[in-house]
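Enquirer: This is the structure I have questions about; it appears just below.
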Amino acid sequence: MAADDISAQHVPPVSANGNSLVQSDERTPLLSNQNENDISAEESPLISNDEEQIVIVEEVKGFKLWLILFTCWIGVFLGAIDSTIIATLSAPISSEFQSLSLLSWLATAYFISNAACQPISGRLTDIFGRGPGLVFSNVFFAVGNLICGLAGDQSVMIFGRVVAGIGGGGLMSISTFLGTDLVPLRNRGVIQGIGNICYGAGAMLGGVFGGFVNDNSSWGWRLAFLIQVPLVLVSACLVAYLVRIPPKVSEKSYLARIDFTGVFSLIVFLVLLLLGLNAGGNLVPWIHPLPLTTLPLSLVAFIAFILWESRAKQPIIPVRLLLDRTVFTACMTNLLGMMINMMALFYVPLYMQSRGSSSTDSGVVILFAPIGISICSIGSGLIMRKTGRYGTCEKTPSPGLRIPAPHIYIQFVLLSSALFGVYTNCAVLALGIFAVLLQVASVVILTTLDENSPGWHLMIAFLLLGSGQGGMLTITLLACLAAVDHSHQAVVTSATYAFRSVGGTVGVTIASAIYQNVLKTELWGRFGDLPGAAEEIHRIRDDLDELKHLPDGWYDGVIASFMEAFRSVWLTMLGLVLLELVCISLMKQHKLHSTLSRSERE
């Protein structure tokens, strides 16, 4: 049933094949008995003006399911490529337009529009349908890349990145919603794991792809954008043909069901917050009017959003969802996890280059993270499919997965749980806790680094970091989906994406502030009394190449200063990852249903 098939009359909704129906409304309790929602078409009550009904399609299996998912993952892969392609193309693009200030805006414009689009896509596709939303995202993404490829000046280029970011944000989030619509929660982790691999592979190859095309084509960097356009348009056509997920049904018109105030306040909050955090200390000083204006205004917009959404009948993101313990702790786990991940991705390469390593060497080390993501995303999904569990500890032995570990390791887990106020009589090591412990181990390795640490330490650290990240993202998504009613699955997924976006930006901002302040303090403490120290310290902080041209007697002290600055970042990450461990430990276990209707009769 397409969106335009819905009439204003009291017509009970039917599934795509006419066989299954589940009714749910926006006022359904968070953890209501799903079985109470199972009704037949003959018994379906009339829909009141303020209520919506969802239609659950018959589960798609086999080749058709994989074809639909593969079509969505094309967009995910290309969107991930576009998010990192600027790493190697920003320099030639800025040179062609003769504007070094363009360098930072190329990434910032895409990131902000991408992050602002994702949280609202859940509610909008509930109204208009997943298929139309995904087609819209593909078309916007294609148009944005076409604008970039044909841009004649820097303003047009930035505009193209904004348009592509809007489309890319939809590609990421709506493909996740679609997986949940088509796959029962018990099997959902495996599908999400494969989606994470597509994203990780695209993000990993983005910089390499951009550099290769720029260096081996007469069209230069423009071809890297233009070559994506036909692929995305093909994906849009396949989506339009294959995806038939009915939207929620209501007597109210489309426009009447859109919470425009909520949409506006959420977008304003995210744009102002991310713009201020990205600009401060990066594009402009923190005392510049841009961050001093945008950050306070973002707080005002956030308060307005919370107040409005708590009263709205059909909100973009029902804020009461965050009152559920599992949803809140899972979202906070995502925020903290992304903070840690982005801090490592930005500052480990900087650490390596300060010791004389090349950018290629840094790239090789980072490659171990996607390997870990691939293994643990799929692995955690398979474990959840086999056991039906993702995290809670029980008094009695569970028939689920048992993870053997040395006695001292079990003691560490139990002691940590006791300190965090979490129940400690565990017969089974929680899957979510195990994933975050991998991240803890990674950060602990980083805290041991010095100027003489071997490179294989970093490879292990990134392998563990990626493993923990991949498992954590899959597990927390499943936990959020299982904790809420079926009607909220898209908006709660949007909420997790919003927390991830904010977490990544806040993490880099905090790391930058700590790194710069500690480095400045250490350098002034060692060399502040020497002649010409102010100019030399300024050059050292701005350009790592200055390490090759230091005055006599400076090198050892400068390297020691860098190591102290990096150690401060690692210790900050350690505190954050321990908070992440607390959050994921507080999640409750909810049933991972084996059917799309989430019926108890499975």
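The values are calculated or read from the model by the stated rules, or taken from the named source; none is laboratory data. Quick caveat, the model's predicted, so the values are computed rather than measured. Every residue, glycine among them, receives a Cβ derived from its backbone with ideal geometry; neighbour counts consider all protein chains shown.
Enquirer: Tell me whether the range 422-436 contains one or more residues that are modelled with pLDDT of 75 or more and either surrounded by fewer than 16 Cβ atoms within 10 Å (Cβ to Cβ) or not aliphatic (A, V, I, L, M) (or both).
Expert: yes
Matching residues to (1) free of Cβ contacts under 8 Å to residues at least 60 places away in the same chain; (2) surrounded by 16 or more Cβ atoms within 10 Å (Cβ to Cβ):
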position	(1), (2)
PHE260	yes, no
SER265	yes, yes
ALA279	no, yes
PRO296	yes, no
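Enquirer: Could you list, in sequence order, the residues of the range 564-575 that are among the aliphatic types (A, V, I, L, M) and surrounded by fewer than 20 Cβ atoms within 10 Å (Cβ to Cβ)?
Expert: LEU571, LEU574
Table: residues versus (1) in a helix (DSSP H, G or I); (2) surrounded by fewer than 22 Cβ atoms within 10 Å (Cβ to Cβ).
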residue	(1), (2)
GLY152	no, yes
PHE159	yes, yes
LEU178	yes, no
VAL190	yes, yes
ILE197	yes, yes
GLY211	yes, yes
VAL234	yes, yes
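Enquirer: Among the residues of the range 585-596, is there at least one that is modelled with pLDDT under 85, more than 26 Å from MET338 (Cβ to Cβ), surrounded by fewer than 18 Cβ atoms within 10 Å (Cβ to Cβ) and of a type in the set (Gly, Ala, Ser)?
Expert: yes
Enquirer: Of these, ARG567, ARG539, which one is over 29 Å from the mean Cα position of the chain (by Cα) and assigned to a helix (DSSP H, G or I)? Lay out the reasoning, then the answer.
Expert: Working: ARG567 fails: over 29 Å from the mean Cα position of the chain (by Cα).
Of the residues listed, the single one that is over 29 Å from the mean Cα position of the chain (by Cα) and assigned to a helix (DSSP H, G or I) is ARG539.
Enquirer: Considering every residue within the range 524-541, establish whether at least one is under 27 Å from VAL444 (Cβ atoms) and surrounded by 14 or more Cβ atoms within 10 Å (Cβ to Cβ).
Expert: Looking through the range 524-541, none of the residues is under 27 Å from VAL444 (Cβ atoms) and surrounded by 14 or more Cβ atoms within 10 Å (Cβ to Cβ).
Enquirer: Please verify whether GLY281 is under 30 Å from VAL365 (Cα atoms) and at pLDDT below 85, treating the condition exactly as stated. Show your work before the answer.
Expert: Details: under 30 Å from VAL365 (Cα atoms): yes; at pLDDT below 85: yes.
Yes, satisfied.
Enquirer: Which residues, counting only those in the range 542-552, are surrounded by 12 or more Cβ atoms within 10 Å (Cβ to Cβ) and either among the hydrophobic types (A, V, I, L, M, F, W, C) or in a helix (DSSP H, G or I) (or both)?
Expert: Answer for the range 542-552, where residues must be surrounded by 12 or more Cβ atoms within 10 Å (Cβ to Cβ) and either among the hydrophobic types (A, V, I, L, M, F, W, C) or in a helix (DSSP H, G or I) (or both): LEU544, GLU546, LEU547, LEU550.
Enquirer: Looking at GLY337, GLY363, GLY372 in this structure, which one is surrounded by fewer than 21 Cβ atoms within 10 Å (Cβ to Cβ), of a type outside the set (Asp, Glu) and touching a residue at least 40 places away in the same chain (Cβ under 8 Å)?
Expert: Result: GLY363 is the single residue among GLY337, GLY363, GLY372 that is surrounded by fewer than 21 Cβ atoms within 10 Å (Cβ to Cβ), of a type outside the set (Asp, Glu) and touching a residue at least 40 places away in the same chain (Cβ under 8 Å).
Enquirer: Looking at the range 113-128, can you tell me whether even one residue there is under 22 Å from VAL213 (Cβ atoms) and under 25 Å from the mean Cα position of the chain (by Cα)?
Expert: Yes, that holds for at least one residue.
Enquirer: Taking only the range 258-300 into account, find how many residues are assigned to a helix (DSSP H, G or I) and touching a Leu at 6+ places or on another chain (Cβ under 6 Å).
Expert: Final tally of qualifying residues: 6.
Enquirer: Take the range 308-317 and flag every residue that is in a helix (DSSP H, G or I) and either of a type outside the set (A, V, I, L, M, F, W, C) or modelled with pLDDT of 90 or more (or both). Step through it out loud before you land on a result.
Expert: Restricting attention to the range 308-317, the residues satisfying the condition of being in a helix (DSSP H, G or I) are 308-309.
Answer for the range 308-317, where residues must be in a helix (DSSP H, G or I) and either of a type outside the set (A, V, I, L, M, F, W, C) or modelled with pLDDT of 90 or more (or both): just GLU309.
Enquirer: Do any helices (runs of 4 or more DSSP H) lying entirely in the range 318-395 carry at least 1 residues that are modelled with pLDDT of 80 or more and of a type in the set (Lys, Arg), and which ones are they? So that I can check it myself, show each step before the final result.
Expert: On the way: elements: 325-354, 359-366, 368-387.
Helices (runs of 4 or more DSSP H) meeting the threshold: 325-354, 368-387.
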